[in-house]
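Asks: Structure below; questions to follow.
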Protein chains: 4
Amino acid sequence: MTKQELIDAALLHYSLHGYQGATMKKIADEVGIKPASIYFFYENKEELFIAAFQQLLDNHQKEMERVFNQSQGKEIDQIFISIIHGIVAYHKDDERGTIAYISLLTSPIPEIKKFLQAHMLHFNDWLTHSFEVLINSNYSAISEEEVDFVIKQFVLLANGIFWSINLYDGEVFEEQVKVAENYIHNIFKDLNNKYKKRNGVKEGLVVY
Amino acid sequence: MTKQELIDAALLHYSLHGYQGATMKKIADEVGIKPASIYFFYENKEELFIAAFQQLLDNHQKEMERVFNQSQGKEIDQIFISIIHGIVAYHKDDERGTIAYISLLTSPIPEIKKFLQAHMLHFNDWLTHSFEVLINSNYSAISEEEVDFVIKQFVLLANGIFWSINLYDGEVFEEQVKVAENYIHNIFKDLNNKYKKRNGVKEGLVVY
Amino acid sequence: MTKQELIDAALLHYSLHGYQGATMKKIADEVGIKPASIYFFYENKEELFIAAFQQLLDNHQKEMERVFNQSQGKEIDQIFISIIHGIVAYHKDDERGTIAYISLLTSPIPEIKKFLQAHMLHFNDWLTHSFEVLINSNYSAISEEEVDFVIKQFVLLANGIFWSINLYDGEVFEEQVKVAENYIHNIFKDLNNKYKKRNGVKEGLVVY
Amino acid sequence: MTKQELIDAALLHYSLHGYQGATMKKIADEVGIKPASIYFFYENKEELFIAAFQQLLDNHQKEMERVFNQSQGKEIDQIFISIIHGIVAYHKDDERGTIAYISLLTSPIPEIKKFLQAHMLHFNDWLTHSFEVLINSNYSAISEEEVDFVIKQFVLLANGIFWSINLYDGEVFEEQVKVAENYIHNIFKDLNNKYKKRNGVKEGLVVY
DNA sequence: GATGAATGAGCTTTCATTCAT
DNA sequence: TATGAATGAAAGCTCATTCAT
């Protein structure tokens with residue numbers, strides 16, 4: 001379906017050369033049609049990119065959900081570590097998408113910022129709630145503040161890893177991930193000492 | 001001096017609208033000259049922006065050095081925390097510059113990427129070396145690996161905070177900083193237990 | 001029938017935005033079909049507009065004939081005044097058509113100008129002949145030159161009123177009409193003094 | 001001066017092919033520059049045409065004033081006849097301008113309609129006032145209503161002649177002018193019978 | 001009858017750049 | 001130093017038209 005091909009081509013050239021650099025001609029060439037034909041599918045360049053960015057954010061959300069769900073059934077520290085690995089895998093696998101994702105922050109299309117903010121809010125809500133459920137199902141009698149603090153630590157780590165993806169390669173980056181893993185271990189070692197762990201709950205846990 | 005004004009204007013419009021959005025006309029208007037006159041100072045747009053980005057990175061380096069030096073003379077954990085605050089202050093104070101800094105990663109000018117990578121390498125070397133000196137001057141008999149690990153933890157935290165600057169506002173962000181502070185405290189609480197602290201060394205330390 | 005709807009839509013958009021402004025898309029939208037479908041009914045845009053303009057001119061001719069015939073059976077000065085009112089009513093009632101009619105004079109389609117000229121000639125012939133019959137049937141022994149002169153005065157007045165329609169509104173225009181009525185009265189007051197009026201002829205008059 | 005050449009070229013092509021037909025390319029070709037160069041002188045197409053139409057209307061106003069002033073010093077009926085001839089000469093001399101003038105009525109540029117209406121109001125005021133002064137200076141004790149009526153008759157005639165310019169050629173048109181002349185004669189023959197003519201005033205008359 | 005999909009030609013406009021002055 | 005005037009190249013976009021289905 002050409003609409004999808006157009007979105008892919010749009011994101012490709014956006015990640016390579018930015019919004020102004022992703023010309024209708026380049027996008028059309030990529031798909032194998034003429035620039036005028038794009039206008040049969042999308043009203044104008046902005047509409048095409050709104051659709052493209054919308055998809056980028058939707059995919060991000062879905063992928064993060066997949067990563068989260070796939071990690072269930074392990075020890076809780078391993079779940080958090082898996083999520084870090086999932087985030088890394090997702091962004092390393094789709095560097096184009098990641099670059100596009102980052103540069104949305106400086107997007108010249110005002111409407112895009114609205115989408116981005118809405119996505120961020122929704123994503124944060126989902127993440128927070130999912131983690132709350134997860135942590136509470138692992139520790140009985142854990143205080144709300146403690147849950148909140150765990151999540152904040154994880155978010156800070158995840159942000160650190162995310163930005164490291166864009167800065168470092170190879171071994172340097174691998175060691176950043178190890179540092180994050182170590183930190184996560186420590187978080188839960190402390191929790192295990194403070195709160196009684198629940199039993200037999202995890203296998204039944206389904207997030208949603 | 002008009003060259004400096006041109007660089008400032010270039011960075012201003014780059015941060016607002018990206019490379020293609022920072023037109024020679026807008027930059028000239030900002031400075032109060034005509035576009036044709038820019039070519040008296042710079043060969044072309046790319047040369048102007050190379051100079052501008054060079055300056056941006058130099059400023060960043062200098063500012064980070066200033067932050068580092070200004071933090072000396074305190075307890076070592078307070079030094080690291082001060083540096084975090086310094087980074088935050090610097091980027092919060094110059095959001096335009098920060099946006100420009102981030103979008104250099106997706107710069108359409110190949111030569112720029114070279115500059116950015118060179119800067120990153122140099123900045124990392126400086127940071128690593130400065131921290132090595134700092135840590136070694138605080139703990140005697142600390143192993144190289146341990147020093148390395150401390151630095152990596154700090155870098156991960158700093159990256160997390162840096163990205164958080166771009167995502168969160170107000171209280172949400174403040175709490176991220178507190179989480180980072182808490183983490184730093186713990187790093188050095190552990191170190192203090194493991195290694196003997198040196199005395200009276202700090203005042204002699206100068207980082208450059 | 002779609003052909004008629006297309007003509008109506010074409011004239012509507014022509015009167016609103018001119019020939020180039022009346023796009024195949026707008027015309028198709030108006031009728032509720034797709035632009036490609038127009039080509040089933042008309043070879044191309046020019047053909048459609050030739051048909052549309054042809055109809056516009058035919059309607060004009062028919063309407064003027066209707067106005068003329070409807071006015072029969074009155075005193076001769078009242079007939080001419082009725083015709084003025086008929087012209088005004090026709091054009092005020094269909095301002096779109098009138099604007100289209102006027103802008104045919106500046107039509108970018110050469111073939112249209114031919115149609116317009118042919119229509120004008122035919123219309124003039126009809127008008128002149130109809131008025132000749134009418135005047136001769138009212139006055140015996142009236143000279144050909146005098147008949148001609150009456151017609152020319154009327155045509156000048158009618159043209160004045162026609163252009164006034166496009167320039168003035170409300171009371172200003174109403175008074176223009178009154179001036180024309182007064183003039184017509186005077187024409188026939190003079191004629192009545194100079195020529196003997198015929199009796200009982202009018203019912204036999206049929207104009208076609 | 002290129003700005004003036006651009007306006008002339010714009011009006012030429014507007015009169016030939018309408019607003020959409022007067023492309024920036026054609027106008028540039030006419031002047032001997034490239035389309036992009038037009039934008040050095042005018043912000044965009046609309047600005048160019050606003051300037052062009054403004055000039056067209058200004059010229060019209062000035063020319064009508066010149067015609068009016070040049071006619072002074074004759075018998076009053078000859079003055080009105082001279083004005084008719086002046087209008088005819090002006091429009092016959094500049095048929096392009098006249099066609100442009102007419103098609104302003106259906107202009108697709110909203111701002112143009114504002115200009116046109118303002119011009120019409122101003123022109124009407126000037127005409128009415130000039131004629132009032134002229135008539136009052138020729139007839140003592142003439143009533144306001146009578147002056148008004150004379151002006152309205154003239155306006156109707158002038159509109160009739162104006163529209164005839166666009167419809168008829170050669171002898172047919174000449175005879176329309178003669179009909180108008182005859183009508184004007186009659187207006188003032190009647191006035192001369194009703195009102196005492198003033199003496200020795202006309203040479204001192206200055207209109208403005 | 002109707003249209004989804006495509007396109008060539010051409011439009012207005014922007015922009016980095018040049019060059020004589 | 002500075003700029004008025006110009007331009008080539010390319011951008012986004014429109015539109016009449018085609019054609020297989």
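Asks: Other chains near A:158-171: what is the mean number of their Cβ atoms within 10 Å of each residue's Cβ?
Replies: Rounded to a whole number, the mean comes out at 5.
Asks: Note down the net charge around A:Lys3, summing +1 for each Lys or Arg and -1 for each Asp or Glu among other residues with Cβ under 13 Å from its Cβ.
Replies: Summing Lys/Arg as +1 and Asp/Glu as -1 gives -4.
Asks: Can you grab the distance from the C-alpha centre of region D:12-70 to the C-alpha centre of region B:20-60, Å, no decimals?
Replies: Spelled out, the Cα-based centre of one part sits 37 Å from the other.
Asks: Give me the extension gain from D:Tyr195 to D:Ala118: residue separation times 0.36 nm, minus the current Cα-Cα distance, reported in nm with one decimal.
Replies: Value of the extension gain: 24.2 nm.
Asks: How far apart, in nm, are the 7 Å Cα→Cβ label points at B:Asp93 and D:Val133?
Replies: 7.2
Asks: Normalise the Cα radius of gyration of the protein assembly as shown by 2.2 N^0.38 Å (N = residues in it) and let me know the number.
Replies: Output field value: 1.51.
Asks: At 7 Å along Cα-to-Cβ for each site, give me the label-to-label distance between D:Glu5 and C:Ser143 in nm.
Replies: In this crude spin-label approximation the distance works out to 5.8 nm.
Asks: What FRET efficiency, computed as 1/(1 + (r/R0)^6) with R0 = 41 Å and r the Cβ-Cβ distance, is obtained for C:Glu174 and D:Asn44, rounded to the nearest 0.05?
Replies: 0.50
Asks: Add -39500 (n - 2.57) for each DSSP H run of 4 or more in chain D, then divide by its residues: what number comes out at 222 nm, to the nearest 500 deg cm²/dmol?
Replies: One gets -27000 deg cm²/dmol as the mean residue ellipticity at 222 nm.
Asks: What nm value, rounded to one decimal, do you get for the distance between B:His85 and B:Glu30 when each label is placed 7 Å out toward the C-beta?
Replies: 3.2
Asks: State to the nearest 20 debye the size of the charge dipole of chain B about its Cα centre, where the only charges are +1 on K and R beta carbons and -1 on D and E beta carbons.
Replies: The calculated dipole for chain B is roughly 160 debye.
Asks: Once all Cα-Cα distances of chain D are split into 5 Å bins that start at 0, what whole-number percent is in each one?
Replies: In whole percents, the pair-distance histogram is 1, 6, 14, 16, 15, 13, 11, 9, 6, 4, 2, 1, 0, 0.
Asks: Label 7 Å along Cα→Cβ of A:Ile109; region A:52-71 residues with amide nitrogen under 20 Å?
Replies: A:52-62
No value in this document is a laboratory result; all are computed from the given coordinates. The structure presented is a predicted model; accordingly, all values stated were derived computationally and were not measured. Neighbour counts are summed over all protein chains in view; Cβ atoms, including those assigned to glycine, are modelled from backbone coordinates with ideal geometry.
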